[in-house]
Amino acid sequence: MAYAGNNPPTQLEINNMLSELDGNESVVKGCRFIVRINPTGLLTRLSYSNQVNKLIYACDGAEFPGRAFQVTEVRYYGPKQIMPSNTIYGDGINMSFICRSKTVERQFFDDWMDIINPPTSYHFRYPNQYYTDIEIFQYAEFGSTQGSLVTTQSVKGIPNEANPQNKYAPQPIYGWRLLKAWPTMVQPQPVTWADSDILRLQVTFAYKNWERPGDSEQASRNINTIA
């Protein structure tokens, strides 16, 4: 039985699909990302806090954040419906860090956990003493002359549209800022003499919510909401 609705898609040739993908600068790859942790509060008092920004080169695995709605069932007449009742930004986000010989990665997250809950007293500190922001950048595979949603300062060595020293270098095309982030778990690190692979550290972070820096459409919506 033929479909009787109106305006079904008809231009389904493979050339059209490739043309549309190339028209949007092709597909993005999951390996094109950078994570930057911005120490604040007591984290800035660590003697090596100026080295934390170099973790952008050590984070080799992360997750782009998601968002969901908690829903409530309602029924006025006829079939029931579900309606949004609360925004959920997820239980956390996982990241993987390559461990280097000076163990800065492990030391930083162990120190961060100690700041949250000092092992000498086990009294939890106030959240504003250990909260920080974490930025995640998504990059195009090749340089682009197109506008970028991310307009914050470029990651060192990887210029963006605001610092076009090399327009053919990878460009940030999207970004997220995790607000009030902190580590909930530093995962155990299994080691064995039978394994000569690079040692990695898995860390789980909690955060309150996230925003998209440089998203002019979101800023416009916020202005309209205030007005």
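For segment 32-136, count the residues as N, evaluate 2.2 N^0.38 Å, and divide the Cα radius of gyration by that value, please. Numbers along the way, then the final one.
Working: Rg = 19.4 Å, N = 105, 2.2 N^0.38 = 12.9 Å.
Here the answer is 1.51, to two decimals.
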Legend entry - Sorted by Cβ neighbour density within 10 Å, fewest at the top, the residues Phe137, Phe64: Phe64, Phe137
Inset, instruction - State, in angstrom, two size descriptors of segment 1-75 derived from its alpha carbons: Rg to one decimal place and Dmax to the nearest whole number. - result: 23.6, 73
Inset, instruction - Could you tell me which of rounded, prolate or oblate describes segment 81-132, using a ≥ b ≥ c as the square roots of the eigenvalues of the alpha-carbon gyration tensor, with rounded for a/c under 1.5 and, failing that, prolate when a/b is larger than b/c and oblate otherwise? - result: oblate
Legend entry - Point-to-point label distance, Lys54-Arg100, nm (Cα→Cβ direction, 7 Å offset): 0.3
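Rule-based calculations on the coordinates, nothing more; no lab input. All figures in this text were calculated on a predicted structure; none of them were measured in a lab. So basically every Cβ, Gly included, is an ideal-geometry build from the backbone, and we count neighbours across all protein chains shown.
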